[in-house]
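Scroll down for the structure; my scribbles are underneath it.
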Amino acid sequence: MNARIRKLLGSLIILLILAVIAYGYEEDNPNAPSSPSETEVVQIDFPADRYPDTAKHIQDAISSGEAPICTIDREGADENRSQSLKGIPTKKGYDRDEWPMAMCLEGGEGADIEYIKPSDNRGAGSWVGNQLEKFADGTRVEFMFK
């Protein structure tokens with residue numbers, strides 16, 4: 001074998017070894033998003049004392065018939081947000097909060113919209129994002145309120 005072929009084979013072997021290591025890391029990574037069974041619902045205690053307007057909106061929307069469960073669907077969030085906020089005008093000094101959230105499979109057209117103070121809405125959104133980042137799409141979540 002000439003040197004060029006040996007070099008090419010060596011490179012291919014190294015790439016194969018790296019691919020196997022990367023696959024093993026992904027399989028064993030404790031930080032990878034987890035996904036409970038399809039029937040399991042993860043319950044998360046929502047800090048209603050920190051974000052009272054958002055908490056009230058979620059509870060009122062559920063009481064009015066909106067879905068109490070959020071099935072995480074990050075890829076559908078932009079389209080859901082577009083559909084849920086369609087025709088709902090902005091209001092100076094307020095955010096348009098939606099339940100079910102845009103990142104929920106249940107969100108989108110027909111979602112309940114409420115005008116919320118930006119500090120409450122954005123704080124709640126950040127909190128929710130941090131809580132849900134460890135869960136994979138398809139995970140079913142229920143927010144609990146005390």
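The values are calculated or read from the model by the stated rules, or taken from the named source; none is laboratory data. As the structure is a computational prediction, the values presented were derived from the model and not from experiment. FYI the Cβ positions are ideal-geometry reconstructions off the backbone, even for glycines, and counts take in every protein chain you see. Surface areas here come from the heavy atoms of the whole protein model, side chains and all, with no ligands, DNA or RNA. Shrake-Rupley method; radii C 1.70, N 1.55, O 1.52, S 1.80 Å.
Taken over region 56-87, the residue count meeting the criterion of being open to solvent by less than 70 Å² (accessible area, probe 1.4 Å), of a type in the set (S, T, Y) and not in a helix (DSSP H, G or I) is 1. In region 124-146, the qualifying residues are those that are assigned to a strand (DSSP E or B) and out of contact with any Pro (no Cβ under 9 Å at 6 or more places or on another chain), and the one that is most open to solvent (accessible area, probe 1.4 Å) is M144.
Testing N121 on (1) touching a residue at least 40 places away in the same chain (Cβ under 8 Å); (2) under 22 Å from K146 (Cα atoms); (3) exposed (fewer than 13 other Cβ atoms within 10 Å of the Cβ), one condition comes back false. Which one is that? (3) is the only condition that N121 fails. In region 96-111 there is no residue matching the filter, namely being outside any helix (DSSP H, G or I), among the basic types (K, R) and exposed (fewer than 15 other Cβ atoms within 10 Å of the Cβ).
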